[in-house]
1. Give region 59-112 a look and list any residue that's assigned to a strand (DSSP E or B) and charged (D, E, K, R), or say none.
2. Count, please, the residues in region 206-216 that happen to be assigned to a loop (DSSP other than H, G, I, E, B) and either under 20 Å from the mean Cα position of the chain (by Cα) or crowded, with 17+ Cβ neighbours inside 10 Å (or both).
3. Looking at (1) within 12 Å of the ligand (Cβ to nearest atom); (2) modelled with pLDDT of 95 or more, which one does THR323 not meet, given that it meets all the others?
4. If I ask for residues that are within 16 Å of the ligand (Cβ to nearest atom) and either among the small types (Gly, Ala, Ser) or in a strand (DSSP E or B) (or both), which ones from region 304-320 would you list?
5. I want to confirm something. Restricting to region 371-402 and keeping residues that are aliphatic (A, V, I, L, M) and surrounded by fewer than 20 Cβ atoms within 10 Å (Cβ to Cβ), which single residue is modelled with the highest pLDDT?
6. Looking only at region 217-230, filter to residues that are polar (S, T, N, Q) and more than 16 Å from the chain's Cα centre (by Cα); which one of those is surrounded by the fewest Cβ atoms within 10 Å (Cβ to Cβ)?
7. Hey, any hits in region 108-129 for a residue that's within 16 Å of PHE205 (Cβ to Cβ) and not aromatic (Phe, Trp, Tyr)?
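The values are calculated or read from the model by the stated rules, or taken from the named source; none is laboratory data. Since the structure is predicted, the reported quantities are computational estimates derived from the model, not experimental observations. Using ideal geometry, Cβ is built from the backbone for each residue, glycine included, and neighbour counts are taken over all protein chains shown.
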Amino acid sequence: MTSRRHFLQSAAVGVLGAAAVSRAGAASLPEAATQASAATQLPRPPASGRPYNPVVTLNGWSLPFRMNNGVKEFHLVAEPVVREMAPGMKAHLWGYNGQSPGPTLEAVEGDRVRIFVTNKLPEATSIHWHGFLLPAGMDGVSGLNQPPIKPGKTFVYEFDMKKSGTFMYHPHADEMTQMAMGMMGFFVVHPRNPNFMKVDRDFVFLLNAFDIEPGSATPKIATMLDFNLWCWNSRIFPGIDPFVVRKNDRVRIRFGNLTMTNHPIHMHGYDFEVTCTDGGWVPKSARWPEVSIDVAVGQMRAFEFDAIYPGDWAIHCHKSHHTMNAMGHDVPTMIGVDHRGVVEKIQKLVPDYMVMGERGMYDMKEMEMPIPDNTVPMMTGTGPFGPIGMGGMFTVLKVHDDVKPGDYRDPGWYKHPPGTVAYEYQGVLPEPARAAQPSATGTTLKARKPGGASGHGGH
Ligand SMILES: [Cu+2]
């Protein structure tokens, strides 16, 4: 009885073409996978569609997709999430599919993608596809390009991957609140030719920042600049996984900055070249060697190197307050203040009183100071030689020759060849010899002669 009607419907779809197919496809939602873990997930090779070399999201994952009549379909769910920022600290954030940041989306140049966005937040949202060339109506600025996605509603974005490169996604509705709450994700479009710019390991992460009072769990959304948690993918050191690399691998590290300030990302042990920016791949003739890459607000950068130097190498933001965890910023400078004799007197009145920073802050690395629940110490982490004393935007690039292809598990600490580690000088310390030296103005500074004798050694 229904066969004739069914036939007519099918014929109509054929006649009306692509637009009608899209609406028909949108009738059934793809499953929205969700992730409970903050651990780095293995790269996800594509089960269907065009081939590509998948990326590894630092402390994150890639969203599975389904192919529907040649269109790659994803389903993002905007929702409140609990994100472990480091062992011992969980934050109440907003994100996508169980985590902040949301899952990484991976597609291939030439793909058509259809992305379903379901809003389970208490307020309206939208998604802007940062860096893409797409129809204006798919650009995601609520009010300008589309109506806001109200709570409980699902919108569909559909556009073609016109070029490969490094992209991001984030809300464009009440974005100060929603980005301060952790809503963002990475989006990689792979080259159509899997051998173009091929690397062995391709890492991605977002730079983000939060202001969460020690002992609490929800970010303060009105903070403009004075954030106290500087994160890579909503993680803080020592919660950020290492970049695990096999010696001689070709490595790419991509990052996007969705904080409110710039970050000079510095990697030890290597020089490298920026090979991809927001706008696309950088031709070989336009690259220059660097050891730090400053990434401005809203920018993406990718750099590459051949992992020929084995070791455990620091990689971090070079703003020193960005490699610390939550602390009060109204701390007076105590360097040079002599508290001897004073502390005991104060402790008779205030038993817990302690002096911080009298000889610099290094002692804080080892100090066992009571801290509130749900907080990570300001300077922390332990290495093979003692406390590392870092936080925030810091982790380690581990280039080891015993790492197997495709293995991203932490290989432990680097075993230094004998004679290649800095060591303590055991001899006598001589008196400093200050030589007579002409000054820039032509006058000659007199050498100070300790004890009247010159050239004598130590005591
Ligand atoms: Cu920074």
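1. ARG66, LYS72, GLU73, GLU79, ARG83, GLU84, LYS90, GLU106, ARG112
2. Total satisfying the criteria: 3.
3. Answer for THR323: the failing condition is (2).
4. ALA314, ILE315, HIS316, CYS317, SER320 - these are the residues of region 304-320 that are within 16 Å of the ligand (Cβ to nearest atom) and either among the small types (Gly, Ala, Ser) or in a strand (DSSP E or B) (or both).
5. Taking the candidates together, the pick is ILE388.
6. Here the answer is THR218.
7. no
For (1) under 21 Å from VAL403 (Cα atoms); (2) of a type in the set (Gly, Ala, Ser); (3) modelled with pLDDT under 95, each residue gets a yes or a no:
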{"residue": "VAL251", "(1), (2), (3)": "yes, no, no"}
{"residue": "ILE265", "(1), (2), (3)": "no, no, no"}
{"residue": "GLY269", "(1), (2), (3)": "yes, yes, no"}
{"residue": "ASP278", "(1), (2), (3)": "no, no, yes"}
{"residue": "ALA302", "(1), (2), (3)": "no, yes, no"}
{"residue": "ILE308", "(1), (2), (3)": "yes, no, no"}
{"residue": "MET327", "(1), (2), (3)": "no, no, yes"}
